[in-house]
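Following: one structure in structure tokens, then a few remarks.
The values are calculated or read from the model by the stated rules, or taken from the named source; none is laboratory data. Small disclaimer: the values here were computed from a predicted structure and weren't measured. So basically every Cβ, Gly included, is an ideal-geometry build from the backbone, and we count neighbours across all protein chains shown. Only protein heavy atoms, including side chains, enter the accessible area calculation; ligands, DNA and RNA are left aside. Shrake-Rupley method; radii C 1.70, N 1.55, O 1.52, S 1.80 Å.
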Amino acid sequence: MDKIVIRGGTPLSGTVHVSGSKNAALPIITAALLTDGWNTFHNIPDLVDIESIKNLLRTLGVEVTGRDPVKINAGNCSCHEAPYDIVRKMRASILVLGPLLARWGRARVSLPGGCAIGARPVNLHLKALQALGARIELVDGYIDARVERLRGTTIFFDVSTVTGTENIMMAAALADGTTVLENAAREPEIVNLADVLNAMGARIQGAGTNVITIEGVRDLHAVEASVIPDRIEAGTYMIAAAITGGEVLLTGCNPPHLDALVTKLNETGITVDTYPDSARVRADGAVGSVDVTTLPYPGFPTDYQAQMMALMTIARGTSVISETVFENRFMHVNELMRLGADIVIEGNHAVVRGVPRLRGAPVMATDLRASASLIIAGLAAEGETIVSRVYHLDRGYERIEEKLSACGADIRRVPS
Ligand code: EPZ
């Protein structure tokens, strides 16, 4: 397993081009299942998770070629089973369930296991599909779903679920009648997916609000479309610039999608100038501590929580970081403490007392965003930080060590 070695202390300075959004590309790629003919999707990031979803579609008999753009044709889709050995590696595989059921009336998808950040059940996905008329059985760890044709209805999500909203939006697109999703998630990735589905011929309104209306149609056609910039990647580099006291220009990003983070960074004293498709981050003084509570979009995203915590470990004062979305998303705390951070966990709150400096040490990545927080901390720590199990990082960050070293960081990947 590869490691990443960082010698901290260099302020980042330079330009980072933000890649396409992993969390937008995944549902857009599965939406191709709803169509015949060749779809072409642009701004696809080069990530392990993207290769995983492409391989899953190939096991379903879907033709998938190219990396960016990727071209997908589900006209000859012959299998409707998403096997455990693929689904267990990536929870987002559940996103084939809605499209398979809507297009072919049957699907057999392995239940995604939990992961480092929580149990992450899919009960809300299944409850919604049953409301649309699907017969769902759980047999041998698989979701076995069948329906003649899905029928539109009103669905209320007990909690805001991003992939739950995406799965049901795709299923309802081909249902008979109209579906209303209430308490729908509002993330920008959902708006991107709705725009692509509407280009395919769907009739979806309200994406980006918590009430989405989908008027079912008989069929959808292939399209050419683009994936939005990755707001989590962009925010990660903003925080990296902040913790190193540097200045970084982020190009190819969509600043309005980063509002909650930009507001928080401004509160810490970091300057963020935003432009139509770029943002400049300048850390020209000490970082002040701020409190953070994660919430569904447009609240402060849980996917920035670990990275923000890394920044707060060297802030002036004490910050309280509250995680309200996932029940176990503090796996990075122990590793940050190995670097000298002063953090105390109290339930779903982490009390972070700023320390003058971090000191490099060997640390272990446990999940995607936790690994990003360790990289960020290593960039600021005195001496050498060695991050192991960086396969977590490769799931969601395209060439992170190249992008950081282009901004002056002393960082290198050591193949195992
Ligand atoms: C999406 O995961 C993202 N992944 C996650 O990003 C992100 O952290 C999360 O949304 C929250 O913003 C993708 O988009 C591929 P949820 P998702 O369903 O959809 C509970 C990353 O780092 N819940 O919005 O799986 C769930 O347990 C990843 O890129 C149920 O109880 O998250 C959680 O507590 C990590 N039952 C909360 O809702 C369900 O049926 C929010 O989960 C579904 C969800």
Report summary line: By the Cα gyration tensor axes a ≥ b ≥ c (a/c under 1.5 gives rounded; else a/b larger than b/c gives prolate, otherwise oblate), the shape of region 65-197 is rounded
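Over region 267-407, with the other protein chains present, what is the accessible area per residue in square angstrom, probe 1.4 angstrom? Before the final figure, lay out the partial values.
Details: 5320 Å² over 141 residues.
Ligands and nucleic acids excluded, the figure is 38 Å² per residue.
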Query raised in the report: Under 5 Å between amide H atoms, partner at least 5 residues away or on a different chain: which partners does E382 have, H built in plane at 1.01 Å?
Result: L358, R359, G360
Requested in this report: Can you tell me what the convex hull of the Cα atoms of region 171-242 projects to on average, as an area in nm²?
Outcome: 5.6
Query raised in the report: Farthest toward the dipole's positive end in region 86-224, which of F156, I143, A194, given Cβ charges of +1 (Lys, Arg) and -1 (Asp, Glu) about the Cα centre?
Result: I143
Report summary line: In the chain the DSSP beta bridges are antiparallel at a rate, in percent to nearest 5, of 70
Query raised in the report: In whole Å, what is the distance between the alpha-carbon centres of region 137-203 and region 388-402?
Result: 31
Query - region 77-109 versus region 272-289: alpha-carbon centroid distance in Å - result: 41
Query raised in the report: Using modelled amide H (1.01 Å from N, peptide plane; none on Pro or chain starts), what sits under 5 Å from the amide H of K3, excluding residues fewer than 5 places away?
Result: V414, S416
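Excluding the sites themselves, what is the longest stretch of the chain that contains no GluC sites (Glu not before Pro) in a DSSP loop with at most 16 other C-beta atoms within 10 Å?
Details: sites that count: E148, E327.
My reading of the result: 149-326 is the longest stretch.
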**Report entry** Within straight-line cross-link reach of K127, aspartates and glutamates at Cα separation under 17 Å, skipping those fewer than 8 residues along the same chain
**Finding:** E137, D144, D158, E166, E182
**Report entry** Helical mean residue ellipticity (222 nm; -39500 (n - 2.57) per DSSP H run of 4+; nearest 500) of the chain
**Finding:** -9000 deg cm²/dmol
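Less than 15 Å Cβ to Cβ from D291, Lys/Arg counted +1 and Asp/Glu -1: what total charge do the surrounding residues give?
Working: positive: K264, R316, R353; negative: E267, E323, E346.
Summing Lys/Arg as +1 and Asp/Glu as -1 gives 0.
With a probe of 1.4 Å, find how much accessible area region 151-233 has per residue, and write the answer as a whole number in Å².
Working: 3030 Å² over 83 residues.
I get 36 Å² per residue for region 151-233.
If you place +1 on the Cβ of every Lys and Arg and -1 on the Cβ of every Asp and Glu, how big does the dipole about the Cα centre of region 128-231 come out, in debye to the nearest 20?
Values: 8 positive and 15 negative charges, 57 e Å.
Dipole magnitude for region 128-231 comes out near 280 debye.
Size of the dipole of the chain about the Cα centre, Lys and Arg at +1 and Asp and Glu at -1 on the beta carbon, nothing else charged, in debye to 20? Before the final figure, lay out each step's value.
Details: 39 positive and 46 negative charges, 102 e Å.
It works out to roughly 480 debye.
At a threshold of 8 angstrom on Cα-Cα distance, excluding pairs fewer than six apart, so keeping six or more, what relative contact order does region 101-150 reach in percent? It would help to have the intermediate numbers written out before the result.
Details: 61 pairs, mean separation 24.8, N = 50.
Contact order relative to length: 50 percent.
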Report task. Quick one: work out Rg over Rh on the C-alpha atoms of region 277-416, Rh as Kirkwood radius. Result -> 0.94
Report summary line: Of the convex hull enclosing the alpha-carbon atoms of region 140-297, the direction-averaged projected area in nm² is 12.2
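Which net charge results when you count Lys and Arg as +1 and Asp and Glu as -1 among the other residues whose beta-carbon is under 11 Å from that of G105?
Details: positive: R103, R106, R135, R146, R149; negative: E148.
Surrounding charge for G105 is +4.
Once the convex hull of the alpha carbons of the chain is built, what does its volume come to per residue, in cubic angstrom? Don't jump to the answer; show the numbers that get you there.
Details: hull volume 50.0 nm³, N = 416.
Spelled out: Cα convex hull of the chain, divided by residues, is 120 Å³.
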Query raised in the report: What shape does region 1-160 take by its C-alpha gyration tensor, where a ≥ b ≥ c are the square roots of the eigenvalues and a/c under 1.5 counts as rounded, a/b above b/c as prolate, and the rest as oblate?
Result: prolate
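First compute the accessible area of region 288-416 with a 1.4 Å probe, then give the percent of it belonging to carbon and sulfur atoms. List each step's numbers first, then the result.
Working: 2470 of 4840 Å².
Reported share for carbon and sulfur atoms: 51 percent.
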**Report entry** Under 5 Å, built H, 5+ apart or other chain: amide partners of T15
**Finding:** L249
Report summary line: Applied in sequence order to region 142-154, the curve 6.51 cos²θ - 1.76 cosθ + 1.60 (Karplus, θ = phi - 60°) yields integer Hz couplings, x standing for Gly and Pro, of 10, 8, 10, 10, 9, 6, 5, 8, 4, 10, x, 7, 9
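Per the 1.4 Å probe, what fraction of the accessible area of region 146-229, in percent, lies on carbon and sulfur atoms? Display every interim value, and only then the final one.
Working: 1450 of 3360 Å².
Carbon-and-sulfur percentage of accessible area, whole number: 43.
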**Report entry** Distribution of pairwise C-alpha distances over region 120-163, 10 Å bins, in %
**Finding:** 26, 52, 22, 0
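Would you tally the net charge around A225, using a Cβ to Cβ cut-off of less than 14 Å, leaving A225 out, and scoring K and R as +1, D and E as -1? Walk me through the numbers on the way to the answer.
Details: positive: K71; negative: D68, E189, D195, E224.
Summing Lys and Arg as +1 and Asp and Glu as -1 gives -3.
Placing unit charges on C-beta atoms (Lys and Arg positive, Asp and Glu negative, everything else neutral), compute the dipole magnitude of region 286-416 about its Cα centre in debye, rounded to 20. The partial results should precede the final answer.
Working: 13 positive and 15 negative charges, 46 e Å.
Dipole about the Cα centre, nearest 20: 220 debye.
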